[in-house]
Amino acid sequence: MPPSLSACGLQMSKLTGVRAIMQDIIETLRRHQDRTFINLSVGNPVILPEVEQLWRNSTQTLLSSAEYGQVVCRYGASQGYEPLIRAVQSEFKRLYNLELSDRQILITPGSQALFFLAANAFGGDTPTGELRKIVLPLSPDYTGYGGVSFCPEALVAYRPALETDPSQHRFKYRPDFRQLQIDASTGCVIFSRPCNPTGNVISNGETQSIAALARDYDVPVFIDSAYGQPFPGLHYTAMQPLFFDQAPNVVHCMSLSKAGLPGERLGIAIGDERILRVLEAFQTNLCIHSSRYGQAIAAQAIASGALTTLADQVIRPYYQQKMQRLEAALDQQMPHHIPWYLHRGEGAIFGWLWFQDLPLSDGDLYDQLKQHNVIVVPGHPFFPGLTEPWPHTHQCIRLSLTASDTDIETGVAAIAKVVTQAYRSPTQIYT
């Protein structure tokens with residue numbers, strides 16, 4: 001007999017977004033161990049030797065220090081490990097001339113946890129029975145936003161404007177300010193920059209406009225910089241982070257996952273103390289604090305400047321080269337007459353492909369590619385909060401840049417073959 005769950009339990013026990021797809025991928029790999037798959041679905045960062053060595057060195061320093069017992073064998077403050085907070089203060093002063101008090105920094109157990117705290121602290125049902133919306137100003141965006149709220153009906157996303165370049169087979173999403181609504185019913189605004197899954201970077205001006213709209217109603221704006229500055233710094237186009245010194249309602253949210261520490265679940269939020277104290281109290285009730293071990297080695301890597309240097313000199317160039325390899329493979333192997341579009345590679349570790357008027361759904365394309373030993377991620381889970389029908393949501397796939405150059409080229413060849421056949425002999429039109 002299944003357990004009896006609360007409404008909250010029912011919501012939180014569901015597999016949402018890409019988690020359900022990943023479960024199918026795991027089962028596929030288990031069932032077919034006799035086959036070799038090209039896996040272009042992976043979200044784990046590549047273990048780069050220089051980055052791994054940084055964390056090894058930081059760990060060795062911690063192990064041999066007198067502070068080891070105090071770090072690992074003691075509870076700490078919910079706000080975060082003091083040396084890490086000081087390191088963040090110093091590095092942001094050096095990089096951006098941003099003066100931070102210790103109360104304007106909060107350490108969390110990863111970016112996902114940070115947005116869980118934010119979505120439920122500021123969005124959902126109010127004590128007076130009103131619904132505070134969690135606004136995603138541009139869809140598609142990170143699939144994980146679809147599962148962060150106890151109140152799923154609070155999540156609202158808006159369709160983007162599309163800029164297309166048919167001659168180059170490129171396109172870009174932009175916020176559509178004619179549609180976007182931020183008002184007194186809005187609890188918070190969330191968006192990623194650079195974006196998983198598309199690699200989109202919302203421009204400096206667009207970011208400032210979103211923050212200004214929200215500021216009129218004293219609405220906090222949480223900018224997910226899990227791929228952004230200063231680390232891992234996975235932006236391939238010019239961008240300027242927006243901090244609360246220019247926009248008081250903005251919270252700059254970072255993660256060390258793509259900087260080589262996904263296993264330690266470490267997030268950093270920078271913003272107005274009034275907002276962060278709410279999240280800190282929520283976090284105290286949930287888990288007390290983030291991993292002290294992870295915080296201690298991160299403090300060393302940030303304080304020394306080594307992490308920022310590796311982001312600039314190793315991590316960003318590696319993935320930028322991978323994006324260029326994907327672009328070249330698509331340009332060489334995809335038929336010109338097919339209406340395919342690659343989102344402009346402005347950041348992150350993924351490529352985002354749109355097939356206009358695709359004669360089958362993205363789920364069917366995913367299944368057919370598996371028959372050719374290639375695994376991608378169908379695009380529809382990356383549109384959380386978008387309730388109105390839009391065929392575009394079933395015409396996209398995400399490709400990981402973590403694969404080898406050979407696997408990227410072989411995978412693109414398989415995609416070209418399957419998609420060409422689909423357009424030539426359509427068996428299903430998805431509307």
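Data overview
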{"read-out": "Alpha-carbon radius of gyration plus Dmax, which is the widest Cα pair, for the chain in Å", "value": "21.7, 69"}
{"read-out": "Coil-residue chymotrypsin sites (Phe, Trp or Tyr not before Pro) of the stretch 184-224, DSSP, other Cβ within 10 Å capped at 16", "value": "Y217"}
{"read-out": "Phi-based couplings in Hz for the stretch 289-302 (Karplus 6.51, -1.76, 1.60; Gly and Pro marked x)", "value": "6, 6, 3, 5, 4, x, 5, 5, 6, 5, 4, 5, 5, 7"}
{"read-out": "Coil-residue trypsin sites (Lys or Arg not before Pro) of the stretch 109-184, DSSP, other Cβ within 10 Å capped at 10", "value": "R178"}
{"read-out": "Average accessible area per residue (Å²) across the stretch 11-154 - probe 1.4 Å, nucleic acids and ligands excluded", "value": "50 Å²"}
{"read-out": "Cα centre as origin, Lys/Arg/Asp/Glu Cβ charges: the chain dipole, Debye", "value": "480 debye"}
{"read-out": "Karplus-derived HN-Hα couplings along the stretch 128-134 (A = 6.51, B = -1.76, C = 1.60, θ = phi - 60°), whole Hz, x at Gly and Pro", "value": "8, x, 7, 10, 8, 7, 9"}
{"read-out": "Relative contact order of the chain, defined on C-alpha pairs under 8 angstrom at six or more residues apart (%)", "value": "22 percent"}
{"read-out": "FRET efficiency, 1/(1 + (r/R0)^6) with R0 35 Å, evaluated for T387 and Q70 via beta carbons", "value": "0.10"}
{"read-out": "Length added when fully stretched, T420-R86, from 0.36 nm per residue minus Cα-Cα", "value": "114.7 nm"}
{"read-out": "Distance from the stretch 271-335 to the stretch 353-379 (C-alpha centre basis), Å", "value": "29 Å"}
{"read-out": "Degrees between helix 273-287 axis and first principal axis of the chain (Cα, 0 to 90, nearest 10)", "value": "80 degrees"}
{"read-out": "Summed side-chain charge close to A184 - residues other than A184 whose Cβ falls under 15 Å, Lys, Arg +1, Asp, Glu -1", "value": "-1"}
{"read-out": "Per-residue [θ]222 nm for the chain (sum of -39500 (n - 2.57) over DSSP H runs n ≥ 4, rounded to 500)", "value": "-11500 deg cm²/dmol"}
{"read-out": "Apportionment of accessible area to carbon and sulfur, the stretch 128-224, percent (1.4 Å)", "value": "46 percent"}
{"read-out": "Cβ-placed point charges (K, R +1; D, E -1), dipole of the stretch 178-306 about Cα centre in debye, nearest 20", "value": "320 debye"}
{"read-out": "R0 of 22 Å, Cβ-Cβ distance Q313-S404: FRET efficiency to nearest 0.05", "value": "0.55"}
{"read-out": "Euclidean distance between Cα centres, the stretch 81-160 to the stretch 220-256, Å", "value": "11 Å"}
{"read-out": "Amide H contacts of I38 (H built 1.01 Å from N, under 5 Å, at least 5 apart or other chain)", "value": "V374, I375"}
{"read-out": "Sorted largest first, extent of the stretch 1-125 alpha carbons per principal axis (Å)", "value": "49, 46, 34"}
{"read-out": "Contour excess over end-to-end distance, with Cα ends at Q356 and E27 and 0.36 nm allotted per residue", "value": "115.4 nm"}
{"read-out": "The stretch 1-126, accessible surface, carbon-and-sulfur percent (1.4 angstrom probe)", "value": "53 percent"}
{"read-out": "Per residue accessible area of the stretch 357-425, 1.4 Å probe, in Å²", "value": "35 Å²"}
{"read-out": "Cβ-Cβ FRET estimate between S209 and A161, R0 fixed at 22 Å, reported to 0.05", "value": "0.95"}
{"read-out": "Net charge contributed by nearby residues that have their C-beta within less than 13 Å of R170 (K/R +1, D/E -1)", "value": "-3"}
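The values are calculated or read from the model by the stated rules, or taken from the named source; none is laboratory data. Everything numeric here is computed off the predicted structure, so don't read it as measured data. Heads up, the Cβs are rebuilt from the backbone with ideal geometry, glycines too, and the neighbour counts pull from every protein chain shown. Keep in mind that these areas ignore ligands, DNA and RNA; they rest on the heavy atoms of the full protein, side chains included. Shrake-Rupley method; radii C 1.70, N 1.55, O 1.52, S 1.80 Å.
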